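A.B. asks: One structure is given below, represented as structure tokens, and several questions about it will come after.
The values are calculated or read from the model by the stated rules, or taken from the named source; none is laboratory data. Keep in mind that what you see is a predicted model, and the values were worked out from it rather than measured. FYI the Cβ positions are ideal-geometry reconstructions off the backbone, even for glycines, and counts take in every protein chain you see.
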């Protein structure tokens, strides 16, 4: 396949080592990658929406379910060790198509699990495939962003958030229709595969890379580690909001039962909305200032909920956290994809590894600190960690530099 269009566009395609049927139409690539972000969010939300039903089917206690669910992050961590090298060797498109197919298959297996060990094994592979999908689709997103020459990655993550809402809504419908989890998952899997078949021709492709040119693993340089730590601070906040916002509104805010999920809903809604406006804002302010502002928003929002734990101030605080969290990971991924020392897939995997440790560490940290002191002050600690995003972003060099040529 050849790059079409102007001489300048051909030069850009050569620099990116991309071959494409429609290099003169980056919008088609953007739509295709957006479809895959939707598949990722919808598939994961389909699983999450039926966890209570699967728990009941297998007769798992709360403690047993928590133990079983650990298989998923373990799979994610295993995948992080190989995702970057795999994408470097064969390219992001083949990895993404493979992951999309396996995602559908493993989702169906989760619905068919009749024993706890089967669910554990399924979740382990679900975690592996989910992260392969994540790194590959973000590598594609970074490449499309370079074709545009401006920030667009946050909008892809906004699509993921919308897909999560859609998957949860469909899950509620499936429960009302009394469909079994495996039936629900089969429908979701078929829908995902159909979307994949329609969108895959417009994904960006790379020329084959010789094995000796790029090592399967490269040690992250200072900037990549810095970006990983920024992601760590943000994802501690995000993981805390996912797992503890409802508990906070129940025990600290002491909201009525009907409003226990208010904080979580506001957080999720603002996180999704923030991702759709983040690209325009970052083009005006620059990445460094945007990251610094995000850290301040996270810290201020959490401290507002800590110091004035009423329904109104806590709700305002959680809104601020949602907007603060929304754009950090997309911006960090975008910057990692511009690395001049690492392949984009390797750089994204490295940043994801460090960042995901924050997502895993945040919720348990809240529990330990809450047990030792109180839930309110555990949120204050998370606010300080969120503020580290501002501090670290202030030391970034050339954070909003132009897109550096890289393979996809």
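A.B. asks: Which residues, taken from region 195-222, are at pLDDT 85 or above and surrounded by fewer than 24 Cβ atoms within 10 Å (Cβ to Cβ)? So that I can check it myself, show each step before the final result.
C.D. replies: So in region 195-222, the residues at pLDDT 85 or above come out as 195-204.
Answer for region 195-222, where residues must be at pLDDT 85 or above and surrounded by fewer than 24 Cβ atoms within 10 Å (Cβ to Cβ): 195, 196, 197, 198, 199, 200, 201, 202.
A.B. asks: Listed residues 32, 23; which is within 24 Å of residue 196 (Cα to Cα), in the same structural domain as residue 197 (by TED's automatic domain parsing) and modelled with pLDDT under 50?
C.D. replies: 23
A.B. asks: Report every pair of residues separated by at least 6 positions or lying on different chains whose Cβ atoms are under 7 Å apart, first residue within region 362-385 and modelled with pLDDT under 80, second surrounded by fewer than 18 Cβ atoms within 10 Å (Cβ to Cβ).
C.D. replies: Listed pairs, sorted by first residue: 363/243.
A.B. asks: What residue, of 151, 79, is under 24 Å from residue 332 (Cα atoms), not assigned by TED's automatic domain parsing to the domain that holds residue 347 and not in a helix (DSSP H, G or I)?
C.D. replies: 151
A.B. asks: Cβ-Cβ below 6 Å, separation at least six or inter-chain, first residue in region 327-346 and more than 15 Å from residue 150 (Cβ to Cβ), second not in a helix (DSSP H, G or I): which pairs?
C.D. replies: 340/404; 341/221; 342/218; 343/214; 344/406; 346/218
Yes/no matrix, rows are residues, columns are (1) more than 27 Å from residue 32 (Cα to Cα); (2) part of a helix (DSSP H, G or I); (3) touching a strand residue (DSSP E or B) at 6+ places or on another chain (Cβ under 8 Å):
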residue: 114; (1), (2), (3): yes, no, no
residue: 156; (1), (2), (3): no, yes, no
residue: 159; (1), (2), (3): no, yes, no
residue: 163; (1), (2), (3): no, yes, no
residue: 172; (1), (2), (3): yes, yes, no
residue: 178; (1), (2), (3): yes, no, no
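A.B. asks: A follow-up question, please. Those residues that are crowded, with 18+ Cβ neighbours inside 10 Å and farther than 13 Å from residue 131 by Cα, I need them from region 72-96; list them, please.
C.D. replies: 85, 88, 91, 93
A.B. asks: On the given criteria, is residue 128 within 25 Å of residue 350 (Cα to Cα), modelled with pLDDT of 85 or more and over 19 Å from the mean Cα position of the chain (by Cα)?
C.D. replies: For residue 128, the condition - within 25 Å of residue 350 (Cα to Cα), modelled with pLDDT of 85 or more and over 19 Å from the mean Cα position of the chain (by Cα) - is not met.
A.B. asks: Something else now. Based on what the data block shows, is residue 359 modelled with pLDDT under 85 and on the phi < 0 side of the Ramachandran plot?
C.D. replies: yes
A.B. asks: Restricting the first residue to region 160-185 and requiring it to be crowded, with 18+ Cβ neighbours inside 10 Å, which pairs with a second residue that is in a helix (DSSP H, G or I) and modelled with pLDDT under 85 meet a Cβ separation below 7 Å and a spacing of at least six or different chains?
C.D. replies: Final answer for the pair search is 167/49; 171/49.
A.B. asks: Specify which of the listed residues (278, 305) is buried (at least 21 other Cβ atoms within 10 Å of the Cβ) and farther than 17 Å from residue 385 by Cα.
C.D. replies: After ruling out the rest, the residue left standing is 278.
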